[in-house]
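Contents: one structure, followed by commentary.
The values are calculated or read from the model by the stated rules, or taken from the named source; none is laboratory data. What you are looking at is a predicted structure, and each value in this text was computed from that prediction instead of being measured. Here Cβ is always computed from backbone atoms with ideal geometry, including for glycine, and neighbour counts include all displayed protein chains.
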Amino acid sequence: MKILDVLQKEAVLVNLKSRDKKSVIEELAMPVARIANINHDDLVRVLMERERLGSTGIGGGIAIPHGKIKELESLAMGFGLSRKGVDFESMDGRPAHIFFLMITPENSTGLHLNLLARIARILKNEPFKDRLSNAVDSDEIFNIIREEDETF
């Protein structure tokens with residue numbers, strides 16, 4: 001499965017305003033909840049519960065908040081870019097700038113893990129991360145992801 005099989009342009013936020021972890025999750029969750037037709041507060045609660053188990057800030061300026069919701073019909077994803085960076089309690093202690101939010105149905109563990117692994121793998125590509133960080137709008141983000149998606 002490719003990222004753009006799941007990510008919709010309406011869920012791409014290129015100028016996150018939030019300055020802390022909970023606010024970023026709330027901001028990223030807004031379009032995803034609407035697209036997935038789920039309650040925003042429930043989505044935020046699930047994502048914050050997952051954060052309490054350990055930060056999804058994987059280091060290198062990246063965070064991948066994720067979780068599972070029982071009544072969800074299919075996987076949903078959001079993308080966010082913070083120009084200033086947010087303390088996401090990342091493993092390396094650095095602020096996160098690139099965010100992929102992912103929510104999956106409770107019974108889709110394989111799909112969940114495969115997409116998480118794909119995102120983590122492509123984000124190891126420094127030129128790709130740099131291009132994402134410097135993108136000016138959702139169209140550019142989409143094109144950058146599409147190019148990378150096709151090479152993996």
- [ ] Looking only at the stretch 1-37, count how many residues are without any contact (Cβ under 8 Å) to a residue 60 or more places away in the chain, in contact with an Asp or Glu (Cβ under 9 Å, 6 or more places away or on another chain) and not acidic (Asp, Glu).
- [x] 7
Open item on the list: Taking the criterion of being over 15 Å from ALA36 (Cβ atoms), free of Cβ contacts under 8 Å to residues at least 12 places away in the same chain and not hydroxyl-bearing (Ser, Thr, Tyr), would at least one residue in the stretch 72-92 satisfy it?
Closed with: no
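For every residue, the table says whether it meets (1) surrounded by 20 or more Cβ atoms within 10 Å (Cβ to Cβ); (2) modelled with pLDDT under 95; (3) part of a loop (DSSP other than H, G, I, E, B).
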{"position": "SER18", "(1), (2), (3)": "no, no, yes"}
{"position": "VAL24", "(1), (2), (3)": "yes, no, no"}
{"position": "ARG34", "(1), (2), (3)": "no, no, no"}
{"position": "GLU49", "(1), (2), (3)": "no, no, no"}
{"position": "ARG52", "(1), (2), (3)": "no, no, no"}
- [ ] Could you identify the single residue in LEU47, LEU28, LEU72, LEU43 that is over 23 Å from ASN143 (Cβ atoms) and in contact with a Gly (Cβ under 7 Å, 6 or more places away or on another chain)?
- [x] LEU47
Task: Verdict on ILE69 being surrounded by fewer than 23 Cβ atoms within 10 Å (Cβ to Cβ), among the aliphatic types (A, V, I, L, M) and at pLDDT below 95 - done: yes
TODO: Considering each residue of the stretch 63-102, count those that are under 9 Å from the mean Cα position of the chain (by Cα) and among the hydrophobic types (A, V, I, L, M, F, W, C), and give that number.
DONE: 9
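Let's see how each residue does on (1) in a strand (DSSP E or B); (2) within 24 Å of LYS22 (Cα to Cα):
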residue: LYS68; (1), (2): yes, yes
residue: GLU73; (1), (2): no, no
residue: GLU89; (1), (2): no, yes
residue: ASP92; (1), (2): no, yes
residue: HIS97; (1), (2): yes, yes
residue: MET102; (1), (2): yes, yes
residue: ARG118; (1), (2): no, no
residue: PHE128; (1), (2): no, no
residue: ARG131; (1), (2): no, no
